[in-house]
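The values are calculated or read from the model by the stated rules, or taken from the named source; none is laboratory data. Just so it is clear, the structure is predicted and the values come from calculations on it, not from any experiment. Please note: Cβ atoms are built from the backbone with ideal geometry, for glycine as well, and neighbour counts cover all protein chains shown. These area figures cover heavy atoms from the full protein model, side chains too; ligands, DNA and RNA do not enter into them. Shrake-Rupley method; radii C 1.70, N 1.55, O 1.52, S 1.80 Å.
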Amino acid sequence: MRILKEEENVTDVWSDYQKGVMYNRTKNLYDDTEQNYNFYFGKQWEHADTGNEKPIVKNIIKPIIKYKLGVVNSNSYAVVFNPNIYEYSDNNEIIENLCKSLNEYTNKTWELQQVDKMVRESLKDSAINSEGILHIYYNKNEDEPITEVIDKNNIYYGNENDSNIQNQPYIIISYRKTVKQAKEEAKELGIDDEKIELITQDNKTQEQAGYNNVSDEISPMCLVLLKYYKKDGKIFYTKSTKSIILEEDINTEMTLYPVCHMVWEEVKGSARGSGEVKPIIPNQIEINRIATRRAIAVKIGAFNRLIVNKDLIDNPSALEKVGVTIKIKGGTTTDDVKKAIGYLAPQNISSDASNLQQELQTDTRELAGAGDTVTGQVDPTKASGKAIIAVQQASQQPLNEQLETYKTFLEDLARIYFDMWKAYRVNGIQILIKSTNEEGDVIQQPFTVSQDMLQNLKANIKIEITPRSAYDKYAQEQSIENLMINQKITFEEYVEALEPDSVMQKNKLEKILKSRKEKQKKMLEMEKQAQNKQNMLEQQIISEEQQANNQEFNNIEQQASQKYNNLVNAVQGE
């Protein structure tokens with residue numbers, strides 16, 4: 001009876017995965033990953049035999065990484081869809097409105113799913129370990145793309161010499177799952193029970209990031225592999241464990257691999273690139289060694305050391321204790337003991353070691369582009385915002401390459417989102433489109449972007465960058481304030497021009513303006529009421545004067561009539 005070898009009872013996806021593992025081992029990828037993260041987090045004496053000595057760690061790697069990440073993250077980014085229209089048509093305005101609505105929809109989706117957080121995590125991975133990776137899969141229950149961070153150790157390319165993801169013949173992502181989870185997934189996919197029993201525990205932990213921490217697994221675990229590949233211009237996938245296929249040759253209807261990565265620095269002929277940590281590890285090791293040797297030298301030679309002849313003292317250990325009586329042996333005098341006890345004077349330690357350590361620290365930071373000058377040691381109270389920005393921008397020029405790479409990384413992510421919407425959004429996307437009603441008011445109306453419209457919508461995707469560092473805000477606010485001081489704008493326009501997250505708290509100024517308007521409104525109402533009262537009083541006075549004049553006129557008229565009547569009577573009497 002022929003015995004089937006374990007290697008023969010594997011899937012094709014597993015065989016491709018094993019090829020990737022063998023290649024990565026030749027490049028020392030797994031050990032390098034472990035070392036890079038250890039040195040970043042300060043575990044810099046791993047596997048070193050230091051005896052009882054507690055070695056010193058002067059971690060210069062973490063501040064360098066933190067500074068560079070801070071520079072790249074100091075800008076805020078926004079996904080912008082622009083219509084890819086080169087000739088004017090009647091649909092231009094509609095397409096532009098659709099793109100604007102998609103911009104708002106995308107930014108809202110990213111905010112709800114905390115995509116920015118995962119993007120920053122990938123950026124950190126790329127700085128530490130050369131490559132940060134995001135995988136996007138479609139959640140049919142939520143009807144939305146879901147983004148996840150993938151460790152460098154858990155992705156395998158069909159062509160390890162090409163950093164362009166979309167040029168890869170295939171991409172394999174490995175997941176470490178419990179055997180129970182893998183079996184439940186297989187059952188949901190309709191796999192036969194006989195095949196499900198082939199899903200068993202494996203010990204493939206050495207390829208995982210942080211493998212020293214995952215070597216002891218609480219629950220039985222195994223690898224589940226997801227392989228993407230291109231066929232007929234579309235992206236297909238097959239999912240498997242070591243021994244069975246879970247899903248095979250599934251058409252995603254997408255045209256782009258749902259994977260994007262950021263390589264910190266490109267390396268010719270490598271899909272993985274190079275990071276910040278690995279090149280400066282030798283310097284970090286030497287800095288720690290010198291610091292530890294200096295500490296040992298200080299402990300040995302920089303303090304007074306007691307010398308004693310134990311033959312003359314009955315309890316020599318008492319010499320190291322405070323307030324304890326020293327007992328001398330018989331026949332020994334006090335003078336004999338004084339002569340038998342002495343001290344070695346402290347020795348001067350050469351400054352060469354300290355100078356070398358300091359030189360290594362300074363040079364390493366300077367050569368890495370993160371020295372004191374570069375990091376902007378400027379007092380903001382003694383320099384204008386623009387001056388500070390000028391210094392920082394000049395010092396940050398070496399990171400322009402990473403800034404452009406980061407921008408491309410975000411654009412790739414946005415393109416994948418758009419590609420997924422076109423492939424999976426059968427019912428379209430519900431958005432709000434702004435329009436103007438008959439009264440001239442801007443209103444928002446619900447609108448469904450159908451799948452056909454998404455398919456036909458040819459949009460360019462770009463990333464808009466807005467400087468958002470503290471000094472950028474400071475300079476911007478100074479400029480706006482100067483416009484107000486020079487009476488180019490009013491105080492109301494100044495408040496309106498401030499950003500919501502400005503240093504000068506915009507909401508407080510808006511409250512002041514609101515309170516001021518309410519007071520002005522009350523004053524106007526009071527003035528109006530006073531004016532009305534005055535008008536009423538004047539009307540009343542005029543009315544009274546008219547009445548008095550009318551009465552006087554009537555009296556005069558009556559008197560004249562009376563005189564006329566008297567005159568007529570007098571003439572008739574004659």
Residues being touching a Pro at 6+ places or on another chain (Cβ under 6 Å), farther than 30 Å from GLU276 by Cα and open to solvent by less than 10 Å² (accessible area, probe 1.4 Å) - total across the range 91-146: 1
Test: GLY233 is open to solvent by less than 50 Å² (accessible area, probe 1.4 Å) and more than 30 Å from the chain's Cα centre (by Cα): no
Matching residues, the range 296-313, being hydrophobic (A, V, I, L, M, F, W, C), assigned to a helix (DSSP H, G or I) and under 27 Å from LYS54 (Cβ atoms): ILE296, ALA297, VAL298, ILE300
Unmet requirement for THR241, which otherwise passes all of (1) modelled with pLDDT under 95; (2) under 30 Å from ILE65 (Cα atoms); (3) open to solvent by less than 50 Å² (accessible area, probe 1.4 Å): (2)
Residue within the range 42-59 that is without any contact (Cβ under 8 Å) to a residue 60 or more places away in the chain, open to solvent by less than 40 Å² (accessible area, probe 1.4 Å) and in a loop (DSSP other than H, G, I, E, B) present: yes
Criterion violated by ILE199 - all others in (1) open to solvent by less than 30 Å² (accessible area, probe 1.4 Å); (2) in contact with a Gly (Cβ under 9 Å, 6 or more places away or on another chain); (3) not small (Gly, Ala, Ser) satisfied: (2)
Residue count, the range 248-268 (criterion: charged (D, E, K, R) and either more than 23 Å from ASP151 (Cβ to Cβ) or free of Cβ contacts under 8 Å to residues at least 40 places away in the same chain (or both)): 4
Pairs with Cβ under 8 Å, 6+ apart, first in the range 60-78 and part of a helix (DSSP H, G or I), second among the basic types (Lys, Arg): PRO63/ARG365; ILE64/ARG365; ILE65/LYS124; LEU69/ARG120; LEU69/LYS124; ASN73/ARG120
Tally, over the range 304-317, of residues that are open to solvent by less than 40 Å² (accessible area, probe 1.4 Å) and of a type in the set (A, V, I, L, M): 1
Unique match (being under 30 Å from ASN75 (Cα atoms) and at pLDDT below 75) among GLU510, GLU557, GLU545, GLU499: GLU499
Residue satisfying condition, being more than 30 Å from THR292 (Cα to Cα) and modelled with pLDDT of 90 or more, within set LYS100, LYS5, LYS19, LYS62: LYS19
Subset of the range 150-190 [open to solvent by less than 30 Å² (accessible area, probe 1.4 Å) and among the hydrophobic types (A, V, I, L, M, F, W, C)]: ILE150, ILE155, ILE165, ILE171, ILE172, ILE173, VAL179, ALA182, ALA186
Top-ranked residue in the range 394-428 [being assigned to a loop (DSSP other than H, G, I, E, B) and open to solvent by less than 60 Å² (accessible area, probe 1.4 Å); ranked as nearest to ASN73 (Cα to Cα)]: GLN396
Check on GLU185, touching a His at 6+ places or on another chain (Cβ under 6 Å) and over 21 Å from SER274 (Cβ atoms): no
Selection count where residues are within 26 Å of LYS299 (Cα to Cα), of a type in the set (Val, Ile, Thr) and modelled with pLDDT under 75, scope the range 317-361: 1
Complete set of residues in the range 318-327 that are open to solvent by 70 Å² or more (accessible area, probe 1.4 Å) and not in a loop (DSSP other than H, G, I, E, B): GLU320
